[in-house]
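For reference, the structure discussed in these notes is given below.
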Amino acid sequence: MNQEPALYAAVLRLSRGDVKALRVTDAYSVHRVVYDLFADARDQAGKQASRPSGIVYADQGGDFHHRRILLLADRMPNLSPQHGTVDCKSVPPAFLQHQRYAFAVVVNPTRRDGQTGKLAAVRGREAIADWFAERAVASWGFRVERQRLQVDRVTVQRFAKGGHTITHGSAALKGELEVLDRDRFKQSFRCGVGRGRAFGFGLLQITPL
């Protein structure tokens, strides 16, 4: 019997002072803070080949005083960072053996144009919901109840990187899912879903039903 690979769920909490000290101003700076918590498991060749980092996260924001970031990784983060506090626990294999879950996720909804090969943002709540329901069955190992699928927040994420402005469409969804393909579902939970996962998209926040 194959042993399930280790998986760790954590919460990074940043005070207003931590946010200032870490110079957290945009999605790219959040990416930097998150990745600095982990030993780098990839060499340069692995990065150039887009091998997964083993880290997915969701910036939940907060209020004037605090910021909260959810983390999921195949290795433990630094539990005593210079700024902020980290609470971490291992994810038991049984957690991923249920049939139905309530879920929330922030995704970067895109489609590749069949003729040009270019990526284009999926626009409009109904189109985003349709896209998510299609991809869930085709790629992610689960199906969603389309009638209960809510698209709560549609925004745009922008940040500067290497002298360029990077723009990601962003949509927050929640609903209920049913597992169709257990192995593919586990992979989707472990690695995240959709594009932009290095910048806070794709972490499936799930609760067994």
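If R0 is 30 Å, what FRET efficiency do you get for residue 29 and residue 125 from their C-beta distance, rounded to 0.05?
It comes to 0.55.
Express the carbon and sulfur contribution to the solvent-accessible surface of the chain as a percent, rounded to the nearest whole number, probe 1.4 angstrom.
49 percent
Name the residue from 147, 52, 94 whose Cα lies farthest towards the positive end of the charge dipole of the range 22-170, charges +1 on Cβ of Lys and Arg and -1 on Cβ of Asp and Glu.
147
Within the set of other residues whose C-beta is less than 13 Å from the C-beta of residue 183, count the net charge using Lys and Arg as +1 and Asp and Glu as -1.
+2
In angstroms, what radius of gyration and Dmax does the chain have, counting Cα atoms only?
17.2, 50
Per residue, how large is the accessible surface of the chain? Use a 1.4 angstrom probe and give square angstrom.
That works out to 57 Å² for each residue.
Subtracting the Cα-Cα distance from 0.36 nm times the residue separation, let me have the gained length for residue 21 to residue 158 in nm, one decimal.
Details: separation 137, 0.36 × 137 = 49.32 nm, distance 2.16 nm.
The span from residue 21 to residue 158 would gain 47.2 nm if fully extended.
With a 1.4 Å probe and all protein chains kept in place, how do 143, 16 rank by accessible area, largest first? Write out the running numbers ahead of the final one.
Working: 143 110, 16 140 Å².
From most accessible down to least: 16, 143.
Counting only other residues whose beta carbon sits under 11 Å from that of residue 119, what net charge do I get with K and R as +1, D and E as -1?
My count for the surroundings of residue 119 gives +3.
Which value, in Å² rounded to 10, gives the accessible area of residue 86 with a 1.4 Å probe and all protein chains present?
20 Å²
Output wanted: per-residue J couplings in Hz (rounded whole) for the range 5-14, from phi through Karplus 6.51 cos²θ - 1.76 cosθ + 1.60, θ = phi - 60°, x for Gly and Pro.
For the range 5-14, the Karplus-derived couplings read x, 5, 8, 10, 10, 9, 10, 9, 10, 10 Hz, x marking Gly and Pro.
Please list log₁₀ I(q)/I(0) at q = 0.13, 0.18, 0.19, 0.24 Å⁻¹ for the range 28-124, using the Debye equation with identical point scatterers on the alpha-carbon positions.
Each listed q maps to, in turn, -0.71, -1.15, -1.21, -1.33.
What does the highest-first list of 116-126, 181-191 look like by mean Cβ count within 10 Å? Present the calculation step by step, with values, prior to reporting the outcome.
Details: 116-126: 11.6, 181-191: 17.1.
Top of the packing list down: 181-191, 116-126.
Relative contact order for the range 82-209: what percent, with Cα pairs under 8 Å and sequence separation of 6 or more?
RCO, the range 82-209: 36 percent.
Using modelled amide H (1.01 Å from N, peptide plane; none on Pro or chain starts), what sits under 5 Å from the amide H of residue 60, excluding residues fewer than 5 places away?
Residues meeting the criterion, in which the H sits 1.01 Å from N, are 68, 69, 70.
For the range 85-163 and the range 18-36, compute the distance between their C-alpha centroids and round to whole Å.
That distance is 23 Å.
How far apart, in nm, are two points set 7 Å out from the Cα along the Cα-to-Cβ line at residue 187 and at residue 174?
A separation of 2.9 nm, rounded to one decimal place.
Please give every one of the lysines within straight-line cross-link reach of residue 161, meaning a C-alpha to C-alpha distance under 24 Å, and leave out same-chain neighbours fewer than 8 residues apart.
Counting by Cα, and skipping residues close in sequence, residue 161 has these lysines nearby: 20, 47, 118.
Dipole magnitude of the chain about its Cα centre, charges +1 at Lys/Arg Cβ and -1 at Asp/Glu Cβ only, in debye to the nearest 20?
For the chain, the charge dipole is close to 380 debye.
Return the distance in nm (one decimal) between the two label points of a simple spin-label model at residue 60 and residue 87, each offset 7 Å from Cα along Cα→Cβ.
0.9 nm
To the nearest 500 deg cm²/dmol, what mean residue ellipticity at 222 nm is calculated for the chain from DSSP H runs of n ≥ 4 alone, each contributing -39,500 (n - 2.57), summed and divided by the residues?
Calculated from helices alone, the mean residue ellipticity at 222 nm is -5500 deg cm²/dmol.
Past the 13 angstrom mark, what percentage of all C-alpha to C-alpha distances in the range 86-131 do you count? Let's see the in-between values first.
Details: 754 of 1035 pairs.
Across the range 86-131, Cα pairs with separations above 13 Å total 73 percent.
What net charge is computed for the residues neighbouring residue 110, neighbours being all others with C-beta under 14 Å from the C-beta of residue 110, Lys and Arg scored +1, Asp and Glu -1?
Numbers: positive: 111, 112, 118, 123, 135, 195, 197; negative: 113, 130, 134.
That works out to +4.
Rolling a 1.4 angstrom probe over the protein chains, ignoring ligands and nucleic acids, what is the accessible area of residue 105 in square angstrom, nearest 10?
Rounded to the nearest 10, that gives 0 Å².
Order of 151-159, 65-73 by packing, highest average Cβ count within 10 Å first?
Most protected by this proxy first, the peptides run 65-73, 151-159.
The values are calculated or read from the model by the stated rules, or taken from the named source; none is laboratory data. Keep in mind it's a predicted model, so treat the numbers as computed, not measured. Heads up, the Cβs are rebuilt from the backbone with ideal geometry, glycines too, and the neighbour counts pull from every protein chain shown. Heavy atoms of the whole protein, side chains included, go into the accessibility calculation; ligands, DNA and RNA do not. Shrake-Rupley method; radii C 1.70, N 1.55, O 1.52, S 1.80 Å.
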